[in-house]
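Every number here is computed from the coordinates shown, using simple stated rules; none is lab data. Keep in mind that this is a model prediction, so the values were computed, not measured. Cβ: placed from backbone, ideal geometry, glycine included. Neighbour counts: every protein chain shown.
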């Protein structure tokens, strides 16, 4: 690591299998605390799979099996002592397709604090909801219609609502799985601006297909290919001076 | 000059053959278009014909049932003058107060007095013009006003079934003549048959009521719903959300699907041997009927429930898991509320089928002649479809319109039940 801080997440020798098929092959990576890390790579390279191992969302796939160690602040998240529910509250996630609950905007944001007991009075909830929506840059657009359904918002607003929902439980890490792939350029620009603002408060890991996006929002970039981590380093180095031939070929558009 | 080894590239690519524009106006094209339109029209006509035909069948059923059955809710009454003072019934006013009144009046020979009054008023066969229950109407009138016993009074009492049918236009020539004679004297009147809505079964069509069977059905459905709905929903939730996919769950799925297709009479036999034979529950009781029908309804709810749960988008589960909801919270906060409208639809279908079910109830003894409405789950009872079946079997012509009237009551019950379920479903849908 270039910074003096210890890494937020340390993965060592991680293998992921779907049944007999190996999706991730011996990946070791350190993810920094107050920066944005981008995972890039061609389709099917395993970057989303690896992202989903970081909050154990792969547990929901019956055939998935994870080997190796992933530590969050030095604590192995795959140890039996780790509570998955708490882990997912600490490591929030934003999905590829905006997926607000079919409930009111207010309920969408308040749901996380409610199930984790992070707020008790109506005033507490109001504060959390407003703060989260403000941080997600959505407050001004929805403050007058908090009781409208979250699914009635536009795609970009829905995705920011999902980010607000993730922030509301005050996570330490936010995982974003291609958060802009279903959005138009203007909504994408808003989300990217939001990622800039959230940087430093949360460790952010973003999977993206869009190399310009990785270059714009991230400080460090990891290039995945065929389930292996090919190259990992400062974003500026990866995009201007890649060490590996495969990275260079991908970045210059030779394949992907 | 040596030639280069590299083959020279052609400077211009060979022109592709010019493409002829498609001619959309040829005869074959036109014919294809005409045939396409004809196929569309045919298909639409077939669909419309199917809808019209089913609507016609439904309308026919409803109209016939209403025309036949509406008479079952009315009765013909004849004004019967009775000279209570002359009859000298040995009843004291004190006996007419309180619960012993019925017994006192019956013991005092009120029935004989009514028959005698009929003979006086209408001639030799006068007593046959009255319903077997006519004296009960007189009894109730006396109970309301004990002062009647001291004087002459005219009481409107129900007529016998044969006369009632003749008034409604389907009588024998003899009965028709009697009706004309009575009508000429202005003694006949029509009114709503309250006893039909309040009584249970009887051997006399003028005294039967649907309330006993209605209450039996109500209690049976209650037991069925309370058992089949929670068990069906929890089974569906477990199978969809928790159970691992393996040979055992596949086997379970096939078994449940087969269970839904088992003929209902088999469930009746099962109920007979298990609930009555092994458990020793009372015969003809709504609790046994409810248990048996619950067995039949549960697989329908499980199948509908599983389909509804499958229809909940996985992204909702991901979203909830992603912010740290536990599996139980995912199920109860998100999956179940979203699946509930579909589950309720399945429940409506299952319950409607159970309500109309006759065969399994015959097996467990709910076809017995039961003259009093059940007052509890373990009391002997019958159910609406069984009552309809029993009345349709009676030889007395008076039961024809009672059968149709009972069908109307069954249909109204069904509509009310479905209406409630649809209301609940819409309520849950708008909440989300």
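Projected onto its three principal axes, the C-alpha set of chain B covers 153, 63, 40 Å, listed from the longest axis down. When all alpha carbon pairs of the stretch A:48-183 are counted in 10 Å bins from zero, the resulting P(r) reads 12, 40, 32, 14, 2 %.
Any idea what angle helix B:336-355 forms with the longest principal axis of chain B, computed on alpha-carbon atoms, 0 to 90 degrees, nearest 10? The helix B:336-355 is inclined about 40 degrees to chain B. Computed over the stretch B:211-431, relative contact order equals 31 percent, with contacts defined as Cα pairs under 8 Å that lie 6+ residues apart.
Between the helical axis of A:122-135 and the longest alpha-carbon principal axis of chain A there is an angle of about 40 degrees.
Rounding to the nearest 10 and keeping the result within 0 to 90°, find how far the Cα-based axis of helix B:247-261 lies from the longest principal axis of chain B. For helix B:247-261, the angle is close to 40 degrees. Working from Cα pairs under 8 Å separated by at least six residues, relative contact order for the stretch B:231-332 is 42 percent. An oblate overall shape is assigned to the stretch B:137-233, the ratio a/c of its alpha-carbon gyration tensor axes (a ≥ b ≥ c) being 1.5 or greater and a/b not exceeding b/c.
Dividing the radius of gyration of the alpha carbons in the stretch B:241-303 by their Kirkwood radius gives 1.09 for Rg/Rh. Computing FRET efficiency as 1/(1 + (r/R0)^6) for residue B:273 and residue B:424, where r is the C-beta to C-beta distance and R0 is 45 Å, gives about 0.80.
Between residue B:359 and residue B:249, what is the FRET efficiency for a Förster distance of 35 Å, r being their Cβ-Cβ separation, to the nearest 0.05? In this case the efficiency is close to 0.65.
Using C-alpha positions alone, give me the convex hull volume of chain A per residue in cubic angstrom.
Details: hull volume 32.5 nm³, N = 256.
About 127 Å³ per residue, rounded to a whole number.
With the convex hull drawn over the C-alpha atoms of the stretch B:230-270, the volume per residue is 76 Å³. Summarised in one figure, the compactness ratio Rg/Rh of the stretch B:81-193, Cα atoms and Kirkwood Rh, is 1.01. What is the stretch B:211-431 by shape, rounded, prolate or oblate, if you read a ≥ b ≥ c off the alpha carbon gyration tensor as root eigenvalues and call it rounded for a/c under 1.5, prolate for a/b larger than b/c, and oblate otherwise? Verdict is prolate for the stretch B:211-431.
Reducing the stretch B:316-383 and the stretch B:94-162 to their Cα centroids gives an inter-centroid distance of 48 Å. Length available on full extension from residue B:258 to residue B:412: 0.36 nm per residue minus the Cα-Cα distance, which gives 52.3 nm.
How large is the translational diffusion coefficient of the stretch A:143-233 in µm² per second when you combine the Kirkwood radius over alpha carbon pairs with Stokes-Einstein at 20 °C and 1.002 mPa s?
Working: Rh = 14.5 Å.
Estimated via Stokes-Einstein, D reaches 148 µm²/s.
The distance separating the Cα centre of the stretch A:159-174 from that of the stretch A:218-240 comes to 25 Å. For chain B, the relative contact order comes to 18 percent (Cα pairs under 8 Å, sequence separation of at least 6). Roughly how many whole Å is it from the C-alpha centroid of the stretch A:59-105 to that of the stretch B:388-432? Using only Cα atoms to place each centre, the spacing works out to 52 Å.
Could you tell me which of rounded, prolate or oblate describes the stretch A:3-64, using a ≥ b ≥ c as the square roots of the eigenvalues of the alpha-carbon gyration tensor, with rounded for a/c under 1.5 and, failing that, prolate when a/b is larger than b/c and oblate otherwise? Since a/c reaches 1.5 and a/b is larger than b/c, the shape of the stretch A:3-64 is classed as prolate.
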